[in-house]
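Enquirer: One structure, pasted below without further comment.
The values are calculated or read from the model by the stated rules, or taken from the named source; none is laboratory data. As the structure is a computational prediction, the values presented were derived from the model and not from experiment. Counting neighbours? That spans all protein chains shown, and the Cβs are built from the backbone with ideal geometry, glycine included.
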Amino acid sequence: MATLASPAEASTQTQACGSLPDFASETYKDAYSRINAIVIEGEQEAHDNYISIGKLIPDQAEELGRLARMELKHMKGFTACANNLGVSADMDFAKRFFSPLHGNFQKALAEGKVVTCLLIQAILIEAFAISAYHIYIPVADPFARKITEGVVKDEYTHLNYGQEWLKANLGTIREEFEQANRENLPLVRRMLDQVAGDAAKLAMDKEDLMADFLSSYQESLIEIGFSSREIARMAAAALVG
Amino acid sequence: MFGLIGHSTSLDQARSKALALGFPEYAEGDFEMWCSAPPQLVERIPVTSLTGKSIEGAYIDSIFVPEMLRRFKTAKRKVLSAMELAQKQGITITALGGFTSIIFEDFKLLKEQQVRATTLDWQRFTTGNTHTAWVICRQVEVNAPGLGIDLRRAKVAVVGATGDIGSAVCRWLHQRTGVEELLLVARQPQPLIDLQTELGTGRILSLEEALPEADVVVWVASLPETLSIDTKNLRSPCLMIDGGYPKNLDSKASGETVHVLKGGIVEFHQDIGWQMMEVAEMEKPQRQMFACFAEAMLLDFEEIHTNFSWGRNNITIENMDLIGEASLRHGFQALGLQAIGLQAIGLQPIDLEAISL
């Protein structure tokens, strides 16, 4: 078997693995105040969004209400994480951070566009949360790790909810889904760019976040029933859009 | 269902291939974009054996390119994500092609079984090295006599002898082919001594010492770039099997009596309706492929759904027999000097002084 010319050299990049950040440092806490706020705001928005989607599909309102309550529980958990580290979450930053996606969701809601609403909340945001939580868990403080591990299991059920609804309606959703993908997926990348510096201080690598998000997102699209070509085209909107 | 995990040979090639396959968004992407891009199931492939049995497989492009080798985390993620995709697609046996098996081994990915929420099931993957080793041995056995080399009186140098494929080749050439002498070449001394003890034969030499004595040279390693070879001292004729990855020996070769054959390549009995082997720059992309890919097909034909080739130095003569018999039965043939014409496969003159491996 051929071997790599210098695996030792290549593996010098692995220093992040195995060493945890200093959770008590001011640098860490400063970055955490924004990342934690985004997570709290994200869970709050998720709650509100599921309640709103329930108004568009009333026969699902009960199930969506259940999902929404889980999101509130998550929000409380992440608030406790900030308290544990003695950090105040920068909620103003988080609201500004979410405003473009929030605006797109509200617009779709007003127009009664269920597919767009589900894509934004149940697929995009959930897929991003799942991949970000997976990357965060190994570098989190012990308290936050436990909370996040519990949350990530729930988020899969939310992603699954969106997938199942879209899968059942695949015949009629393609056009709106592709359009909503085009308009919203690039926002995710821009949002990630905004917080990449803070995430790095929490030992979360930007390329890992983007790549894992795209893997989760792509997996959802496979589950919904899109073809390989459709998926590649849609995922590329995040990368070159 | 069988799976093949592969990749392009460079970013430029990947971009032009993306365009040709109808993925224009990827063709426009820069290196950073390619680093973040997830693996793609590019095509589904029906294959029919010489026995008439039909199976279906999938080609997964890991969206890895060799330029990413220096980015440990990227390379690692590319391989693991491609494996995760294969498993989630329900593929029963998937071969790790090109650099992906090398990354798996050298970056010790056996420790990385958990990929997000997926626990990789190693039983679903194979390096394909057993078939590759068998094909290389067959290439030696068939082509050396064609050049007038009597293997019973020949010295065969195996460069990279202690690797997974190299050690299997040594075992086979000693026990089955019965070559006069094996010349064992590798970087680390202790594994060489262990191999020599296991074989009960073979002479440990440096590359510089081995080459002038060798009638046949099997290359299954990448070597230091600084290495240079003196062509004047080579045997005449000399058969060289380029079994490493990437295969670049013939492009650097010139001389009159040195014959270079691409090692570990097989040709199927009929065309396969796929597009991806063009990426690997095969002479006949519709029929030729890496033996490791063919191993996944063979295991699926034979319904051996297990990690047939796995870990290092586990390849047995019995398993080489098994996969070799299956290879012939289902219609694969090892690439030979005769099969595609002497000029076409790198029987060009070779100037070993010009080789820097």
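Enquirer: I'd like to check something: does region B:142-161 contain any residue that is surrounded by 24 or more Cβ atoms within 10 Å (Cβ to Cβ), within 14 Å of chain A (Cβ to nearest Cβ) and on the phi > 0 side of the Ramachandran plot?
Expert: Yes, region B:142-161 contains a residue that is surrounded by 24 or more Cβ atoms within 10 Å (Cβ to Cβ), within 14 Å of chain A (Cβ to nearest Cβ) and on the phi > 0 side of the Ramachandran plot.
Enquirer: Sticking with this structure for a sec: Of the residues B:Val260, B:Val266, which is part of a strand (DSSP E or B), buried (at least 20 other Cβ atoms within 10 Å of the Cβ) and at pLDDT 95 or above?
Expert: Of the residues listed, the single one that is part of a strand (DSSP E or B), buried (at least 20 other Cβ atoms within 10 Å of the Cβ) and at pLDDT 95 or above is B:Val266.
Enquirer: Still on this structure, I have one more. Please go through region B:103-136 and pick out each residue that is crowded, with 24+ Cβ neighbours inside 10 Å and on the phi < 0 side of the Ramachandran plot.
Expert: Kept after step one, since they are crowded, with 24+ Cβ neighbours inside 10 Å, are these residues of region B:103-136: B:103, B:125-136.
Residues satisfying the conditions are B:Ile103, B:Phe125, B:Thr126, B:Thr127, B:Asn129, B:Thr130, B:His131, B:Thr132, B:Ala133, B:Trp134, B:Val135, B:Ile136.
Enquirer: For A:Val188, work out the one condition from (1) within 14 Å of another protein chain (Cβ to nearest Cβ); (2) closer than 30 Å to A:Asn84 by Cα; (3) surrounded by fewer than 22 Cβ atoms within 10 Å (Cβ to Cβ); (4) in contact (Cβ under 8 Å) with a residue 40 or more places away in the chain it doesn't fulfil.
Expert: Among (1) within 14 Å of another protein chain (Cβ to nearest Cβ); (2) closer than 30 Å to A:Asn84 by Cα; (3) surrounded by fewer than 22 Cβ atoms within 10 Å (Cβ to Cβ); (4) in contact (Cβ under 8 Å) with a residue 40 or more places away in the chain, the lone unmet condition for A:Val188 is (3).
Enquirer: Here's another thing I want to ask about it. Do we have B:Ile5 as within 14 Å of chain A (Cβ to nearest Cβ), hydrophobic (A, V, I, L, M, F, W, C), within 22 Å of the chain's Cα centre (by Cα) and not in a helix (DSSP H, G or I) here?
Expert: no
Rundown of residues vs (1) assigned to a helix (DSSP H, G or I); (2) touching a strand residue (DSSP E or B) at 6+ places or on another chain (Cβ under 6 Å); (3) more than 14 Å from chain A (Cβ to nearest Cβ), yes/no style:
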residue	(1), (2), (3)
B:Ala296	yes, yes, yes
B:Leu299	yes, yes, yes
B:Ile304	no, no, yes
B:Asn307	no, yes, yes
B:Asn313	no, no, no
B:Glu318	yes, no, yes
B:Leu322	yes, no, yes
B:Ala326	yes, no, yes
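Enquirer: Look through B:Lys247, B:Lys232 and report the one residue that is at pLDDT below 90, farther than 19 Å from B:Leu151 by Cβ and part of a helix (DSSP H, G or I).
Expert: Working: B:Lys247 fails: part of a helix (DSSP H, G or I).
Just a single option satisfies the conditions, and that option is B:Lys232.
Enquirer: Suppose we keep only residues that are within 20 Å of A:Ala122 (Cα to Cα) and surrounded by fewer than 20 Cβ atoms within 10 Å (Cβ to Cβ) within region A:195-226. Which one would you say is nearest to the other protein chains (Cβ to nearest Cβ)?
Expert: Kept after step one, since they are within 20 Å of A:Ala122 (Cα to Cα), are these residues of region A:195-226: A:209-226.
Applying the additional criterion that residues be surrounded by fewer than 20 Cβ atoms within 10 Å (Cβ to Cβ) yields A:222-223, A:225.
On the way: A:Ile222: 8, A:Glu223: 9, A:Gly225: 14 Å.
Only one residue fits best here, namely A:Ile222.
Enquirer: Continuing with this model, one more query. Do we find a residue being surrounded by fewer than 14 Cβ atoms within 10 Å (Cβ to Cβ), outside the structural domain of B:Ile55 (by TED's automatic domain parsing) and modelled with pLDDT of 95 or more anywhere in region B:335-344?
Expert: no
Yes/no per residue for (1) buried (at least 19 other Cβ atoms within 10 Å of the Cβ); (2) within 14 Å of another protein chain (Cβ to nearest Cβ):
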{"position": "A:Ala80", "(1), (2)": "no, no"}
{"position": "A:Met91", "(1), (2)": "no, no"}
{"position": "A:Leu119", "(1), (2)": "yes, no"}
{"position": "A:Ser131", "(1), (2)": "yes, yes"}
{"position": "A:Ile137", "(1), (2)": "no, yes"}
{"position": "A:Leu159", "(1), (2)": "yes, yes"}
{"position": "A:Gly171", "(1), (2)": "no, no"}
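Enquirer: Please verify whether region B:68-84 includes one or more residues that are surrounded by fewer than 24 Cβ atoms within 10 Å (Cβ to Cβ), away from chain A (no Cβ under 13 Å) and either in contact with a helix residue (DSSP H, G or I) (Cβ under 7 Å, 6 or more places away or on another chain) or outside any helix (DSSP H, G or I) (or both).
Expert: No, region B:68-84 has no match at all.
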